[in-house]
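Here's the structure we're looking at; comments come further down.
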Amino acid sequence: MLNHVIESQQFTPEILLELFKRADELRVKTDLCLIGKILATLFYEPSTRTRLSFDSAMHKLGGRVISTENAKEFSSAIKGESLVDTIRIVSSYCDCIVLRHYDTGAALEASKVSKVPIINAGDGKGQHPTQALLDVYTIYREFERLENLKIAMVGDLASGRTVRSLCYLLGKFPGNKIIFVSPENLEMSDDIKEYLKKKNVEFVEETVLDKVLPDINIVYMTRIQKERISLQDYKKAKGKYVINQLNFQLIKKNSRIMHPLPHVEEIDLPIDVEQIDKRVAYFRQAENGLYIRMALLDLILNKENCFEESY
Amino acid sequence: MLNHVIESQQFTPEILLELFKRADELRVKTDLCLIGKILATLFYEPSTRTRLSFDSAMHKLGGRVISTENAKEFSSAIKGESLVDTIRIVSSYCDCIVLRHYDTGAALEASKVSKVPIINAGDGKGQHPTQALLDVYTIYREFERLENLKIAMVGDLASGRTVRSLCYLLGKFPGNKIIFVSPENLEMSDDIKEYLKKKNVEFVEETVLDKVLPDINIVYMTRIQKERISLQDYKKAKGKYVINQLNFQLIKKNSRIMHPLPHVEEIDLPIDVEQIDKRVAYFRQAENGLYIRMALLDLILNKENCFEESY
Amino acid sequence: MLNHVIESQQFTPEILLELFKRADELRVKTDLCLIGKILATLFYEPSTRTRLSFDSAMHKLGGRVISTENAKEFSSAIKGESLVDTIRIVSSYCDCIVLRHYDTGAALEASKVSKVPIINAGDGKGQHPTQALLDVYTIYREFERLENLKIAMVGDLASGRTVRSLCYLLGKFPGNKIIFVSPENLEMSDDIKEYLKKKNVEFVEETVLDKVLPDINIVYMTRIQKERISLQDYKKAKGKYVINQLNFQLIKKNSRIMHPLPHVEEIDLPIDVEQIDKRVAYFRQAENGLYIRMALLDLILNKENCFEESY
């Protein structure tokens with residue numbers, strides 16, 4: 001069975017800890033464990049950050065990369081080719097495919113015909129499991145644990161892939177409490193709430209951010225995704241939840257602000273605060289993406305059936 | 001003299017067999033014969049499949065790649081630079097250029113000023129010789145011969161580069177018979193028919209696909225190229241010639257369906273048939289592109305005057 | 001302090017000569033001095049030539065490249081991310097960033113937050129210091145000196161980054177004389193004239209190109225940059241200053257025509273003259289870009305505080 005990475009649920013606590021350990025190693029010591037391997041980064045939606053971090057991860061491990069920045073416009077897709085046909089063919093040119101696609105479920109479809117492991121790098125409103133990995137890896141590095149944490153998730157929780165995936169992973173560890181803070185119409189959807197109930201994860205919904213901030217370990221901010229919601233919803237939501245110099249003071253010194261980035265007006269802190277204050281964790285979080293992706297590429301390309309236990 | 005690859009005619013039967021042998025070797029055994037070499041893939045028209053297979057081929061042989069996905073929009077072309085100037089300059093940055101361009105004759109023009117070998121990866125309605133190479137390599141692997149074959153070529157034969165190039169190569173081997181099946185206005189052009197007559201290759205023109213299918217070794221399907229013909233011609237031609245579950249039964253068990261891909265509605269078979277039935281050769285055909293391009297890159301970068309005999 | 005390359009002024013005569021010597025070495029002898037290093041080429045404006053030459057330079061030195069062709073359209077920039085945030089993140093994925101951006105001052109802004117050296121590959125109407133480097137390197141190779149030269153700069157001197165940067169560098173060497181030849185409204189701006197006065201560099205302004213040509217060592221032609229000026233200015237300027245077969249005869253045999261390329265109608269010489277006549281230096285100039293960029297990458301990635309003296 002191929003080591004496809006489709007959804008964050010498939011990572012067991014054991015695999016997570018193995019990946020964190022490997023990422024910590026690769027951060028300090030070069031290992032050319034992917035020499036002779038080729039990674040294809042196939043992006044139907046632009047995402048410079050995600051693509052460049054995968055490309056860099058592969059290079060650092062000695063592998064090679066073939067890449068397309070915008071498969072939607074620049075490929076045989078415009079001639080009407082189906083995704084599964086593209087995957088069939090590209091999977092005979094490489095050892096692993098990182099796929100970003102605008103359709104929910106695209107990665108799963110791709111995994112059914114691919115000859116090599118598929119890594120889902122975002123499928124529409126679906127999932128983005130390596131973002132979830134770097135999020136929990138960041139929490140692990142900042143707090144040295146993944147349990148007994150209070151986490152506020154703030155912003156567009158309806159379209160946000162990252163918060164959905166993060167809920168799945170946090171649900172695997174005991175004692176966590178989640179506080180959802182979202183504008184009207186952009187609340188966290190019921191399937192996630194059902195999942196959390198099943199996993200006995202405590203959660204509440206709040207509407208006033210400043211009431212929440214003094215009491216949490218992590219505030220996970222997200223962008224209002226203009227491109228995925230109606231203009232009306234966007235106007236209502238824009239600027240509603242912001243971390244600025246005023247309410248920043250409400251956050252405890254050993255708490256952390258996370259964000260999947262890019263951030264726009266929902267974080268409004270001066271550059272020097274962002275550079276110096278330990279509470280600003282989101283740039284460390286982005287950097288962690290490089291190391292956890294290195295660990296993941298090593299795992300799925302060098303270990304057989306690594307997700308066997310998880311399904 | 002540089003080893004430019006401009007048109008399929010330049011491949012003699014001897015070079016073809018040398019390339020097939022090398023491709024078969026490289027399929028099973030790594031050879032880093034292009035370490036220290038740089039390939040430029042310069043695409044003025046998008047073609048993910050062709051570009052990625054060249055990029056992958058170069059990497060597998062230890063070489064490096066510099067690349068542009070859409071030179072038309074993203075380069076000095078929009079500032080008015082001529083192709084020959086671009087080629088002059090880019091050819092001083094690399095050891096070989098793969099060129100895809102929308103103008104017929106572009107590769108030949110480029111070869112006149114380039115300091116390094118040019119590989120034509122498609123020039124408008126002109127040629128696409130490495131597609132022709134992978135086509136005959138596929139025929140060779142499926143039938144263990146390139147002679148005494150009956151081949152139906154179906155679809156838009158007027159704009160189809162691949163069928164033109166394939167005619168040139170099949171004309172070099174004895175005993176082949178070609179059946180052209182095309183919609184009105186999209187017939188194979190006279191220059192190819194003249195060539196085949198000169199080479200004593202038997203050919204006929206048919207209009208009913210199902211009459212042809214029971215009797216051929218290969219049915220080579222092509223897409224109606226909407227982007228190269230008038231809307232009126234497209235409407236008349238679209239959907240006229242299709243392989244579907246019904247007429248698929250007319251094809252003998254040891255015959256083969258080929259297609260340069262991407263395919264759209266002209267092949268309408270269920271995924272599981274495409275996955276399992278040996279008659280479906282087009283995904284193997286696409287994969288062969290990788291190995292024959294590896295063989296070709298090795299040949300033109302490591303052997304002097306390799307096409308001397310052919311001109 | 002990081003070895004950022006922001007403006008041509010920062011290159012002292014000593015560094016220039018060190019770079020020229022290294023470029024001459026690397027031209028003839030491979031040196032894999034950047035193995036294990038990763039270069040990011042981040043282009044917010046298209047520039048195939050500049051990007052491909054940096055990519056090739058990095059590969060030739062054994063390094064790896066991560067790249068984006070059009071960061072403006074294809075990145076988180078469209079989601080509203082600021083340049084400094086992008087730089088913060090991308091700089092944690094690589095060892096050096098080559099940045100092309102449409103805003104003047106972008107490279108300087110980037111250098112303030114980057115964890116790795118920034119190389120300015122053009123910032124709007126600002127500078128393009130590696131173009132200036134290859135220009136002076138070309139002059140050095142063609143004339144074996146950078147002093148006592150008469151140089152005509154012709155065309156759109158107002159928007160031309162290259163001529164501005166070249167003035168800064170020529171001002172560091174004694175005995176040079178500059179002749180500015182430009183259409184009305186596109187004259188060299190005052191800040192450069194002030195700089196030249198301060199450096200005791202003689203300069204004059206002329207309007208008739210043919211009067212100038214017999215007397216110079218170098219005529220540095222530039223394109224009228226339609227994309228940076230008003231349509232009215234463009235119409236007045238277009239075709240005003242041209243080197244063609246007639247006035248080409250006015251240029252002395254040991255003089256040189258340079259051009260940052262791409263050129264359009266401002267150079268109108270037959271291909272065979274461009275190929276053979278020694279006075280046509282602009283294709284050698286473009287090739288020099290590869291070697292001087294190799295030397296520069298080696299310098300800033302392998303030597304500490306290399307620009308310490310210059311500021």
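The values are calculated or read from the model by the stated rules, or taken from the named source; none is laboratory data. Keep in mind the model is a prediction, meaning the values are calculated, not measured. Here the Cβ positions follow ideal geometry from the backbone for every residue, glycine too, while neighbour counts run over all protein chains shown. Surface areas here come from the heavy atoms of the whole protein model, side chains and all, with no ligands, DNA or RNA. Shrake-Rupley method; radii C 1.70, N 1.55, O 1.52, S 1.80 Å.
The other copies place their A:T12 label points at 6.2, 6.2 nm from this one, listed shortest first, where each point is 7 Å from Cα along Cα→Cβ.
Label points for A:D24 are taken 7 Å from Cα along Cα→Cβ. From this copy to the others they lie 5.3, 5.3 nm apart, shortest first. Would you work out which of B:I267, B:S255, B:N288 lies farthest towards the positive end of the dipole of region B:249-291, given +1 charges on the beta-carbon of Lys and Arg and -1 on that of Asp and Glu, about the Cα centre? Comparing the listed Cα positions along the dipole, B:S255 ranks first.
Surface analysis of the protein assembly as shown yields an accessible area of 37 Å² per residue, using protein heavy atoms and a 1.4 Å probe. Under 5 Å between amide hydrogens, built in the peptide plane, is the criterion, and for C:V280 it picks out C:I257 among residues at least 5 positions away or on other chains.
Packing, taken as the mean count of other beta carbons within 10 Å per residue, orders the peptides A:131-137, A:236-242 from highest to lowest as A:131-137, A:236-242.
Identify the GluC sites (Glu not before Pro) of region C:206-296 meeting these criteria: DSSP loop state and at most 16 other C-beta atoms within 10 Å of the C-beta. Here the sparse-neighbourhood loop sites are C:E265. Ordered by 1.4 Å accessible area with all protein chains kept, C:E187, A:E45, B:E81 run largest first as C:E187, A:E45, B:E81. Dipole magnitude for chain B: about 280 debye, using +1 per Lys or Arg Cβ and -1 per Asp or Glu Cβ, origin at the Cα centre. About the centre of its Cα atoms, the protein assembly as shown shows a dipole size close to 540 debye [charges on the beta carbon of Lys, Arg (+1) and Asp, Glu (-1) only; nearest 20 debye].
Summing Lys and Arg as +1 and Asp and Glu as -1 over all other residues whose Cβ lies under 9 Å from the Cβ of C:D103 gives a net charge of -2.
Over the Cα atoms of region C:129-285, the radius of gyration divided by the Kirkwood radius equals 0.93; this is the Rg/Rh ratio. Along the axis of the charge dipole computed for the protein assembly as shown (Cβ charges of +1 for Lys and Arg, -1 for Asp and Glu, origin at the Cα centre), the listed residues C:T207, B:H4, C:S47 are led at the positive end by B:H4. If you run the Gaussian network model on chain C, springs between alpha carbon atoms under 10 Å, then out of C:T30, C:T138, C:T104 the most flexible one is C:T30. The 1.4 Å probe gives accessible areas that order A:V208, A:V90, largest first, as A:V208, A:V90. Buried accessible surface for the C/A chain pair comes to about 2500 Å², total over both chains, computed with a 1.4 Å probe. Per-residue SASA remark: C:R284, around 80 Å² accessible (1.4 Å probe; ligands, DNA and RNA not included). Each DSSP beta bridge with both residues in region B:129-285 is either parallel or antiparallel, and the antiparallel ones are about 0%. Axis-proximal residue of chain B for the rotation onto chain A, reported as residue and distance in whole Å: B:E69, 4, based on Cβ position. For region C:51-182, the Cβ-based charge dipole about the Cα centre amounts to some 220 debye (Lys, Arg positive; Asp, Glu negative; other atoms uncharged).
Residue by residue along B:259-270, Cβ atoms of other protein chains within 10 Å of the local Cβ number 3 on average. Candidates C:Q131, C:A152, C:V219 compared by Cα position along the dipole of region C:129-285: farthest toward the positive end lies C:Q131, with charges placed on Cβ.
Counts of other chain beta carbons within 10 angstrom of each beta carbon in peptide C:89-101 average 4.
If you model region C:214-311 as an ellipsoid using its alpha carbon gyration tensor, with each semi-axis the square root of five times an eigenvalue, the axes come out at 31, 20, 13 Å, biggest first. Shown for region C:132-290: the carbon plus sulfur share of the solvent-accessible area, taken with all protein chains present and a 1.4 angstrom probe, equals 46%. Restricting the calculation to Cα atoms, region C:43-199 shows an Rg/Rh of 1.01 when the hydrodynamic-style radius is the Kirkwood one.
Quick one: in the protein assembly as shown, what % of C-alpha pairs are over 47 Å apart? Above the 47 Å cut-off, the protein assembly as shown has 33 percent of its Cα pairs. Sorted from longest to shortest, the spans of the Cα atoms of chain C along the three principal axes equal 54, 44, 42 Å. Sorted from nearest, the other copies put their C:R145 label points 7.6, 7.6 nm away, the label point being 7 Å from Cα in the direction of Cβ.
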